[in-house]
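The values are calculated or read from the model by the stated rules, or taken from the named source; none is laboratory data. Note that the coordinates shown come from a computational prediction; the quantities given were computed from them, not determined experimentally. All Cβ positions, glycine included, derive from the backbone under ideal geometry; neighbour counts span all protein chains shown. Just so you know, the surface numbers come from the protein's heavy atoms only, side chains and all, with ligands and any DNA or RNA stripped out. Shrake-Rupley method; radii C 1.70, N 1.55, O 1.52, S 1.80 Å.
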Amino acid sequence: MATNSLHCSIQQHHNHHFHIKFQPPTTFSASQLFLKPSNITNNITLSHSSSGSSSFSCVTFSLSQATSTTPSSTSQESVSFEVLKQHLTAEEYQKADEETRRLLIVLAGEAAQKRGYVFFSEVQFISESDLKTIDELWRIHSDNKFGYSVQKKIFEKSNEDFTKFFIKVGWMKKLDTEMEQYNYRSFPTEFIWELNGDTPEGHLPLTNALRGTQLLYNIFNHPAFDEEQEQEEGDDVVAAVEDKGLKEKDDSSLAKRVFKPNYSF
């Protein structure tokens, strides 16, 4: 609690004028200046002392300001990814998917934990390192077939069309009809919980298959995956330059062969 005292001395002279002297308030520390008070209590203490007929009483105002930190927020405790790693190592992909969903709720904050699921606006509260860890574990234990970064590439190749994306990752199944029609798979029985040659790339983790698209969209656009995208773009540029260099080299070599001068007369 920060206390600021303001002392005011008032003296009455014979001509009935008042002379007021202020004593500067106590100096706040840096920490006190940046805290937002939630409750302010003003305690005013009045003291009276008589020092003669020509002097008015001295009144001391003591202002006590109760200062507290911003609304209680639980600091994010260290989250363990060991259970997710164990499920993925054992190829228990359905359990790994459930654990991934649980981790996202924990990492998104207290409100998501109380609610039991994550709002798309809460994705920003998940740290880059934590989201990267989840993605890396999925990729490592699926030979780069599963993971958010894998799904993001497929989403971009689908021109960010979620219907096309759902079809490519196998979240929608083709119906046995004359016209080409698709329908959402039933959870969990119709999803694929094993890794084999027929498992669609990017099929797991599900995350958002049953709850709109905004959550998954915000995960794809999380800063955790910006660096990887920039790296890929850089690799594409390097590859293009190398290809161009090889082509120019081949063209130059071809030109030398075609236009090789003949000095025999």
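Would you check if there is a residue in the stretch 110-117 being in contact with a helix residue (DSSP H, G or I) (Cβ under 7 Å, 6 or more places away or on another chain) and surrounded by 20 or more Cβ atoms within 10 Å (Cβ to Cβ)?
No, every residue in the stretch 110-117 fails to be in contact with a helix residue (DSSP H, G or I) (Cβ under 7 Å, 6 or more places away or on another chain) and surrounded by 20 or more Cβ atoms within 10 Å (Cβ to Cβ).
Tell me which residues, restricted to the stretch 164-179, are within 24 Å of Gly197 (Cα to Cα) and open to solvent by 80 Å² or more (accessible area, probe 1.4 Å).
Result: Lys164, Lys168, Lys174, Asp176.
What are the pairs, 6+ residues apart or on separate chains, where a residue within the stretch 85-111 that is in contact (Cβ under 8 Å) with a residue 24 or more places away in the chain has its Cβ under 7 Å from a residue that is open to solvent by 70 Å² or more (accessible area, probe 1.4 Å) and of a type in the set (Val, Ile, Thr)?
Sorted first by the residue in the stretch 85-111, then by its partner, the pairs are Glu110/Thr74.
Please work out if Ser78 is over 22 Å from Asn221 (Cβ atoms) and open to solvent by less than 40 Å² (accessible area, probe 1.4 Å).
Here the answer is no, as Ser78 does not meet what is asked.
Could you run through the stretch 81-109 and say how many residues are of a type in the set (A, V, I, L, M) and open to solvent by less than 20 Å² (accessible area, probe 1.4 Å)?
Qualifying residue count, the stretch 81-109: 7.
If the requirement is being of a type in the set (D, E, K, R) and either under 24 Å from Val83 (Cβ atoms) or touching a residue at least 12 places away in the same chain (Cβ under 8 Å) (or both), which of these qualifies: Asp198, Asp143?
Going through Asp198, Asp143 in turn, the sole match is Asp143.
Give me a count of the residues in the stretch 114-126 that are assigned to a helix (DSSP H, G or I) and in contact (Cβ under 8 Å) with a residue 24 or more places away in the chain.
Final tally of qualifying residues: 4.
Residue by residue through the stretch 120-162, note down the ones that are open to solvent by 20 Å² or more (accessible area, probe 1.4 Å), at negative phi and polar (S, T, N, Q).
Listed by number, the residues that qualify are Ser121, Gln124, Ser127, Ser129, Thr133.
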